[in-house]
Amino acid sequence: MVLLFVLLFPLSAVASMGSAGFLLVYAAVGVGHLRIRQQTGAAAWLIVASVMACLLLFVVLLDHMIIDAPSSAIALGITLVVSILVEVAYRKWSVRTFAGILTQTVPGADGAVP
């Protein structure tokens, strides 16, 4: 898929799409960290500030992409939608849920005392 993007879009647009994707991943990691902050001892306000900064920068980058390379912004949107649809389909096929994953990876997430 990356090869297709490199062939179809200017390299700067591909870099912008990659940066936008990483900003969303960092925001998601921050949300995950917020859920387990008691175990890490992290300050909630700092994690929330980090997530908000990532999302704000994503919006700024998306605005820049829409102005400078609208086709790249559309490709990013399509890629995000397809990724979500693939994840939803995979979850239905594998019968995997967030709650199930959480209980497997986070001690005490199922309500039991570890």
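Within region 40-67, can you find the residues that are in a helix (DSSP H, G or I), free of Cβ contacts under 8 Å to residues at least 12 places away in the same chain and not β-branched (V, I, T)?
A44, W45, L46, A49, M52, A53, L56, D63
Out of A44, A28, I need the residue that is in contact with a helix residue (DSSP H, G or I) (Cβ under 8 Å, 6 or more places away or on another chain) and closer than 29 Å to I101 by Cα. Which one? Spell out the reasoning first.
Values: A28 fails: in contact with a helix residue (DSSP H, G or I) (Cβ under 8 Å, 6 or more places away or on another chain).
It is A44.
For region 56-92, what are the residues that are over 24 Å from F9 (Cα atoms) and among the aliphatic types (A, V, I, L, M)? Quick ask: steps written out before the conclusion?
Just the residues of region 56-92 that are over 24 Å from F9 (Cα atoms), to begin with: 56, 87-92.
L56, V88, A89, listed by residue number.
Which one is modelled with the lowest pLDDT, of the residues in region 64-114 that are of a type in the set (D, E) and more than 16 Å from G21 (Cβ to Cβ)?
The residue in question is D110.
Considering I67, I36, I74, which residue is out of contact with any Gly (no Cβ under 9 Å at 6 or more places or on another chain) and surrounded by 14 or more Cβ atoms within 10 Å (Cβ to Cβ)?
Criteria check complete, one pass: I36.
The values are calculated or read from the model by the stated rules, or taken from the named source; none is laboratory data. Everything quoted here is computed from the prediction, not taken from an experiment. No Cβ is skipped: glycine too gets one built from the backbone with ideal geometry, and neighbour counts run over all protein chains shown.
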